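After the structure tokens below, expect a handful of questions from me.
The values are calculated or read from the model by the stated rules, or taken from the named source; none is laboratory data. From a predicted model like this one, the values you see are computed outputs, not experimental measurements. Glycine also receives a Cβ, built like all others from the backbone with ideal geometry; neighbour counts cover every protein chain displayed. SASA here: full protein model, heavy atoms, side chains in, ligands and nucleic acids out. Shrake-Rupley method; radii C 1.70, N 1.55, O 1.52, S 1.80 Å.
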Amino acid sequence: AVVSTQSTGGPSFTKYLKENLLGVSTAQTTRMSYSYFTALNALLHNVELVKQIFSDVVDKLEEKEITKDQFDQAAWRFSEAITPVQTTLLWRLLDHDNTGKISLKD
């Protein structure tokens, strides 16, 4: 998991996210651009929506893993709150094995 919810109900960064935050923006710099920062911030604020979209797609599949394209399509149908840039960031954070697929446990 990347974000956990504290007892106050607000998101908090997991150790993994803290250690890999700059790596999700780009592998070529030690700084995160403003556009990636705002996309990541919005993604973290919409983590419950991300889970809901993911669960909706995965419930219809046998293998319980989805591709970035499947998530993008579902996110667009479900809500315009999740952008393609946010999906790219999500995959950079969660696709540890570089298969192009993530599961709910990720």
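Go through segment 27-70 and give me each residue that's among the aliphatic types (A, V, I, L, M), under 13 Å from the mean Cα position of the chain (by Cα) and under 16 Å from Asp106 (Cα atoms).
Leu43, Leu44, Val47, Leu49, Val50, Ile53, Ile66
Within segment 92-106, which residues are open to solvent by 40 Å² or more (accessible area, probe 1.4 Å) and part of a loop (DSSP other than H, G, I, E, B)?
Passing the criteria: His96, Asp97, Asn98, Thr99, Leu104, Lys105, Asp106.
Okay, moving on. Anything in segment 77-106 that is in contact (Cβ under 8 Å) with a residue 60 or more places away in the chain and β-branched (Val, Ile, Thr)? List them, or say none.
none
Related question: Filter segment 69-78 for residues that are over 19 Å from Tyr36 (Cβ atoms) and surrounded by 13 or more Cβ atoms within 10 Å (Cβ to Cβ); which is modelled with the lowest pLDDT?
Among residues in segment 69-78 that are over 19 Å from Tyr36 (Cβ atoms) and surrounded by 13 or more Cβ atoms within 10 Å (Cβ to Cβ), the one modelled with the lowest pLDDT is Phe78.
Every residue in segment 79-91 that is buried (at least 18 other Cβ atoms within 10 Å of the Cβ) and either in a helix (DSSP H, G or I) or modelled with pLDDT under 85 (or both), please.
Correct list: Gln86, Thr87, Leu89, Leu90, Trp91.
Here is a further query. Looking only at segment 32-46, which residues are open to solvent by 40 Å² or more (accessible area, probe 1.4 Å) and either within 12 Å of Val85 (Cα to Cα) or among the hydroxyl-bearing types (Ser, Thr, Tyr) (or both)?
Within segment 32-46, Ser33, Tyr34, Ser35, Tyr36, Phe37, Thr38, Asn41 qualify.
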